[in-house]
Amino acid sequence: MTITEVSNKQTRQAFLDTARYIYQHDSHWICPLDNDIEAVFDPSKNVFFNFGKACRWILTDDDGKPAGRVAAFINNKKAFNYEQPTGGMGFFECIENEKAAVLLFDTAKNWLQQNGMQAMDGPINFGENDMFWGLLIDGFVPQSYGMNYNPPYYKQYFDNYGFKTLYEQITNHISAHKPFPERFTKIANWVAQKPGYTFKHLKASQIDRFAADFMEIYNDAWKDFENFVPIERATILESFRKMKVIMDENLIWFAYVDNEPAAFVVVLPDANQMIKTLNGKLDLIGKLKFLYYKWKGVNRMRAIVMGTKTKFQKHGLESVLFIKLKEYVLPLNQYDEMELSWVGDFNDKMIALHEAMGGVFGKKHATMRCLFNDNKA
């Protein structure tokens, strides 16, 4: 087998095509857009290169056929927040051959070691955790946009190499047609009437203002979680820019208390239903197909992120945000399901919110860590 660093147009294409080769007979896999993958590794498009670095490789077998791929990266804002300097690995794909998997893991590990790291988390993204994050370990069905899909045999390869689960990422589903539980609705209606409480959906014409509100809420809501790194305005604006092509302003809601930004929920139509026939290609034909499916509409939404400032976390604001969503969605008679993705098993408050809304289990991913000095591979 031969490992080759991605360094030119040919190897970049091979990196993309490796996944298509591995999943060619798997009807559950939806090919991510090539543009989305390449943007992760483009310093002009990924702000994480301002404080980090990345490298990627492809693996071919003795006959020159694709056998796997992997990427490694270092986010200097997070790498040194742990007991040992920790980098990341991701975009892992591999044929059903454990020797190939070990070679890919070793390649990522060696590069990270050469750059001063003593551990690696994976599979993760060189970016925010709403995209390309986690190893699928339960719920091997077609995933929504940005959610990782992989064969079940990957888990054994990660385990055998020495990866240990840091936390599990739980995704729940709720029916768009089924009423929320009575208690949930009663609380929401009571909160919505409280003086000084206002609720607004995003307006693209005021994106800068909403981005500032998002940053203020997010950085407060998540500040107490271990190894949290505040999100920056440039990252938020870039994320909003990427979402713009599929976003529906009426699916993104903010709550304010006496005009102070207090909570938000960001819900998007599931773009995977728009791109599943494109095979990753957003060329002219692909764009026309995408526009057709966007016009036709999709029947699944994905709640990609939500947050509430610490001092407002027991005010019931989240319940009102979801009631506002339902009031908009029901008359459309378009959506059948909302995916609540993903919540870490350490986030008791969000898990409780999912349960209060009547969420049912959908799938589970794992974020894992390999300590190099413990690695017996």
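A few remarks follow.
- Separation of the alpha carbons by more than 20 angstrom is noted, of Lys200/Lys287; Lys194/Lys309; Lys53/Lys77, for Lys200/Lys287.
- Helix axis angle, 284-296 relative to the chain longest principal axis, alpha carbon, degrees: 30 degrees
- Computed per residue of the chain from DSSP H runs no shorter than four, each worth -39500 (n - 2.57), the mean residue ellipticity at 222 nm is -10000 deg cm²/dmol.
- Globularity ratio of the chain, using Cα Rg and 2.2 N^0.38 Å: 1.00
- Order of Lys326, Lys109, Lys276 - criterion: other Cβ atoms within 10 Å of each residue's Cβ, fewest first: Lys276, Lys326, Lys109
- Across the chain, C-alpha contacts under 8 Å between residues 6 or more apart give a mean separation that, scaled by the residue count, equals a relative contact order of 23 percent.
- Packing-based exposure ordering (other Cβ within 10 Å, fewest first) of Trp222, Trp133: Trp222, Trp133
- Ranking of Arg20, Arg369, Arg69 by neighbouring Cβ atoms within 10 Å, starting from the fewest: Arg20, Arg369, Arg69.
- The slack in the chain from Thr2 to Ile207, taken as 0.36 nm per residue of separation less the alpha-carbon distance, amounts to 69.1 nm.
- Summary of the geometry: region 238-276 and region 129-171, compared by the centres of their Cα atoms, lie 25 Å apart.
- Estimated inter-spin distance, Lys287 and Phe225, nm [label 7 Å along Cα→Cβ]: 3.6 nm
- For region 1-81, the relative contact order is 37 percent, taking Cα pairs closer than 8 Å that sit 6 or more residues apart in sequence and dividing their mean separation by the residue count.
- If you take all other residues with their beta carbon under 14 Å from the beta carbon of Leu16, and give Lys and Arg +1 and Asp and Glu -1, the sum is -1.
- Per-selection metrics, region 2-165 (Cα): Rg and Dmax in Å: 14.9, 43
- For the chain, with +1 on Lys and Arg beta carbons and -1 on Asp and Glu, the positive-most of Pro269, Met368, Ala108 along the dipole: Pro269
- Computed from label points 7 Å out along Cα-Cβ, the spacing between Val102 and Lys65 is 2.2 nm.
- Tensor-based shape of region 177-335 (alpha-carbon gyration tensor, a/c under 1.5 rounded, otherwise prolate or oblate): oblate
- Placing a label point 7 Å from the Cα of Gln334 along the Cα-to-Cβ direction, the residues of region 247-282 whose backbone N falls under 15 Å of that point are 247-252, 267-275.
Values in this text are rule-based calculations from the coordinates and carry no lab data. From a predicted model like this one, the values you see are computed outputs, not experimental measurements. A quick note on method: Cβ atoms are made from the backbone with ideal geometry, for glycine too, and the neighbour counts reach across all protein chains shown.
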